[in-house]
1. Nearest 10 degrees is fine. How inclined is helix A:2-29 to the longest principal axis of chain A, computing both from alpha carbons?
2. Pick out, in residue order, every one of the trypsin sites (Lys or Arg not before Pro) in the stretch C:61-134 that is DSSP loop and has at most 15 other C-beta atoms within 10 Å; say none if there are none.
3. How many angstrom lie between the C-alpha centres of the stretch A:97-154 and the stretch B:299-339?
4. Provide the buried accessible surface between chains A and C in square angstrom, both chains summed, 1.4 Å probe, rounded to the nearest 100.
5. Place a point 7 Å from the Cα of residue B:97 along the Cα-to-Cβ direction; which residues of the stretch B:480-497 have their backbone N under 20 Å from it?
6. Just going by the charge dipole of chain B, with Lys and Arg at +1 and Asp and Glu at -1 on Cβ, which of B:571, B:437, B:420 is farthest out on the positive end?
7. Which whole-Hz ³J(HN,Hα) couplings does the stretch B:223-235 yield from phi under the Karplus relation 6.51 cos²θ - 1.76 cosθ + 1.60, θ = phi - 60°, glycine and proline marked x?
8. Can you classify the protein assembly as shown as rounded, prolate or oblate using the Cα gyration tensor, where a ≥ b ≥ c are the square roots of its eigenvalues, rounded means a/c under 1.5, and otherwise it's prolate if a/b beats b/c and oblate if not?
Amino acid sequence: MGKYILRRTLISIPVLIGITLITFALIHLAPGDPVTGMIDPTLGDFNPEMVERERVKLGLDRPLPVQYAMWLGRVLRGDLGYSMINSRPVGEMVGERIGSTLQLTIAALFLSILVGLPLGVLSAVKQYSVLDYLTTLFSFAAVSVPGFFLSLGLIYIFALQLKWLPTSGMRTLGQDPTLFDYLKHMIMPVTVLAVSTIAPLARYARSSMLEVLSQPYVNTARAKGLREWAAIMRHAFPNALLPLVTVIGLRLPGLFAGSVIVEQIFHWQGMGTLNIWAVMNQDYTTLMGLNMIAAILVLVANQVADVAYAMVDPRIRYD
Amino acid sequence: MKRLISMLLLTAILAVMVAGCGATPEPQVIIETVEVEKTVVETVVETVIQTVEVEKEVPVEVVVTPTPVPPPIKEGGPVFIGSGGMTGKHFNPIWLTSNPQFLSFPLILPGLTWFDDQVQPVLDLASAVDINEDATMYTFTLPEEAVWSDGEPVTAADVEWTFMAAIHPAVGQSVWAQNFSSIIGASAYQAGEVDTIEGIEVVDDKTITFHLSAPNASFMYGTYLGILPSHLLADTPWEELEQNPYMDAPTVTSGPYDFVEFVPEQYIHLKKKDGYWGKQVTIDEIYIKMFESTATQLAQLEAGELDLALVPADEMERFGFVEHVDILEAKGIGYYVTHIDFRNEDQIAMLNLPTEEGGKGYSIIKEPKPYLQDKRFRQALAYAIDNDAIIQVVAGGYATPIYSSIFGPDWAINPDLETYAQDVEKAKELMGEVGVTFDDKGTALWDGAQIQLVYLSNTSEEARKLGEVLQQQLGDVGIRLDIKLVTSSAFIMAAINGEADLIRNAGGRFGADPSVTSLYYTCKAGWSELVIGFCNPEFDELMAQGVATSDPDARQQTYWQASAILNDELPSLFFYTPSVFYGVNKGLKGLAPSADPGYVTWNIEDWYLEK
Amino acid sequence: MPSDPGAGQVVRRQESMSRRVLRRFSRHRLAVVGAVVILILALVAIFAPVVAGRDPYRQDYSALKEPPSREHILGTDALGRDVWARLVYATRVSLSVGLVAVAIYTLIGTILGSIAGYYGGAVDAVIMRMTDIVMCFPLLIIIITVVALVGASLFNIMAVIGLIAWPGICRLVRGQFLSLREQDFVMAAHCLGVPSRRMIGSHLLPNCVGPITVAATFGMAGAILTEASLSFLGLGVPPPEPSWGQMLTEAQKLSVLAGMPWLWVPPGVMIALTVLCVNFVGDGLRDALDPQARVG
């Protein structure tokens, strides 16, 4: 196992470089560049020299391979560079926002496990019962509504009509920040994010639980005289958790990317809004930095998921 | 396995705890006991036969419970203003590009002039201005008592330095190059040929004179640059100026407010200065919140979390029912048009030349459409379109139609312009004159193939709606219109590269003064040269005449003629000028609804809060 | 089961797989309902002009944002177009995006995943690194870039969703293969000299069909929702084609959300209904196909 992890880690490095190359190529393929986005044609006797000067300042006049090499060189020295649009250090922008995004996504993951897992297990145990149908209906209904729609609906009901919660934002300005204030602002966005995970989680939990429940050893446990619940919890349940590791693993990269739409609607300064802002404005340095960080996280998350899968299912060997 | 899960749980718990750190317990809801002067009727028995009731003021303890949402604005503020997102490299007047900056700079870094609610220039930092006979010399005087927040006096040297910085080859921005182009020596300085600007004369510590190379009655439309403290910045080498932290956090200010904080993409926080030498303001604290999504902004307005926000026309009816919000309307000064790209081959070839040879260095591949070159075809397009429908659908009916880009102030409106009221028959007739044929299904043909045009705009909803209306109306005269929606940053390049024939454009400050039009339609103007291909020497001549004189009658004649040219040649299809609506919390008084949302804070000293 | 008269023997034909699946599927009531609804929707999409009864593109400026009436049973939208007609025509867009995009990425994902899981070693490593690379690019960002490059069109959107979303299925299939590979029946087949293609095709894949269908059905739901989100950002199917997602973006405006429900409730209901039914069908298929499921 150790050798496997080492090999994976070593291979990750060229993969990472490959990813940055592809990202670099992709963002330069799009027409225009950060400077053209700032051109204002209302400026009479339009001055191409000033545009050119801005371009030179940003290093955009050099040939592409040179630009990439310069970026890579800086990154290897730990410098993610400065945004081409607002000159702030990329690392600083990311640092500000990653915490906010993680707040939402981890809480959402938490919530969805808390709700989805028991729902799924109960559905499996009482298959085809009313409870099963109801949870099926509910979890599917929840996942069928587009994120932005649910967000707006929640804002309308809870913030505008009932006035229980603030409409958006991360905290109430003009007041001292308190934990309770943060939590109040988190409730709606976290719910929207969690909703999209509850259904798949519940379904996977249910289906793997069903598989396990039909295994002979469960019957053996029952025959041994164990009460139904004990049989389920001690024998069936742990094995049913296997595919859950995959599901959670698939979700891990998304934890850091955040949801663009939820963050936009709830005015939450996170990675999602940063990403879309950088794309819309063609902010090359920020995009490269963001993508590299995202790539690293995905690679690590995938590796963790693979290892966890192998640990959890002793039948799997990687060699 | 269990360990993995518990580790995950632990990490998650830690993450949430870290995120919420700095926590204090929730503040309790306090019931206030307040001393209130209550009028009490006391019966006084006088020695005289009648008993007289006397009103006496008696202090009484009254229990006041805090009112529920929407909360009234607390005494003195803070006032929350909603705005769009900020663009612009730095939070500094030199890089003035977007609404949050327009709203905040006059409060912290005022310029010599600013704009009132009709978007006419008014004095701001300068206390007086003297203009000579032929509008070639402008002398501004600064108030004697003007000081920076660190105690240093505001001087004419500050003004000179700031103007130089705004067009310096290393840091200057095009908009100021445009605004200061009439100052003698400005272009030489901008090109890096000289070290000072000849036309800026520092007369004494508080007086500065601008010498212009040609008469310019509209010079004060361009002097709104926020003045910076040269005593802090002049020592920084020009190349390093952008890295100076002051460029993103202006800690030393000259306006009525202190700069507290600028949290990118979140808000700008300003606090009133104590003992300020200039404008006396009542609002203590201001937050300018920046929003990417209009829906969020409006929701906050409705919930009472914002005290001022722009309300789009189609949300108007809803806010009529929101109790605590007043709607203030202003006649707008922006235009709403689609430019027509009818550049010919020579013009495109010129643009593709490298800059050394006088071109712009682009690589535009476009087949010009010959029928667009003929103004009759463009007029036919105007006749095919029903402007009223567009106003209804796109602007919710809250707009005034326009027939050229010179539509304000009122004296500048030429009453004899062609309105191009919808007339499908006339449209087809004109098209026929140009050489278009129609088949029996009504399809418009050129060289045997259907005429296909492309509409370009950003991805906003009203832009899309406009495209769809045009699609139908042009379809009714047999033209096929395809809609191309691109992100804002790709928009300009797409327009320049000729990817479309009809390019939507909105905004601008046309209604403020007719001279604004010269930024768009003169031969060398950005839009004309790069996208439209409109060049009319007579028009250029008229626009130059317009700023050369201050005689109102002469100006009117000149601009009416220029307006008629635009109306006839149709470099753009002119639709309307939208009204501007502000949603204001009832407790916030003193606002003047500004024709351009950027200038709504211009009269901050008149704002006050009412309980 | 009819016996073969010619042979003179009694041959009890085993119930074929598809019949068994069908039988078990039909026990799952919700799944059956779901399948029927999807079928109806498919018919609506194909026969849209008949079902709609009127032109979904015609703008009528005298009838903007009108509530439902006899003339327009679901009212009119901001450009005076009949909402019912647009709803019907939009079925085409949403269903095609869902079906085509998911078909593309399920196909790619399954093929690559089975190869990776079966052969292991270097092949597995290469394919897994490919999934890593593709997973690093968030879908929305790629679509925005692609739209900027080649323009938005129904085809482009389907293709991009399909070409980006395959890693999920790939890893899922691979994971299944990895655990199945070590099971006895696989080893037995191996000893018997069953060729690789049959191994993958007839022995291993069928055992994965359960998770694949669940993933694919959720994927279809996701694709339909992605299209709605793209429309929200203004990058969806270009006008004048109607799509449910695009109709739903009207709800961003609080005045519509609160005061004009006929504009957004129908498309919202349609999206929810379609996605719901797809999910039910997937669930039913899973139950029906899983050989070990505890089905009555």
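1. Long axis of A:2-29 versus the principal axis of chain A: about 40 degrees.
2. The qualifying sites are C:70.
3. Measuring centre to centre over Cα atoms gives 37 Å.
4. Heavy-atom accessible area buried at this interface is about 5400 Å².
5. Only B:486-497 fall inside the zone, counting backbone N under 20 Å.
6. Of the options given, the answer is B:437.
7. Couplings: 9, 8, 5, x, 7, 10, x, 5, 5, 9, 10, 5, 7 Hz.
8. It comes out prolate by the Cα gyration axes.
The values are calculated or read from the model by the stated rules, or taken from the named source; none is laboratory data. All values derive from a computational prediction rather than experimental measurement. In this analysis, Cβ positions are derived from the backbone assuming ideal geometry, glycine residues included, and neighbour counts consider all displayed protein chains. Ligands, DNA and RNA are stripped out before the accessible areas are found, and what is left, the full protein with its side chains, is counted by its heavy atoms. Shrake-Rupley method; radii C 1.70, N 1.55, O 1.52, S 1.80 Å.
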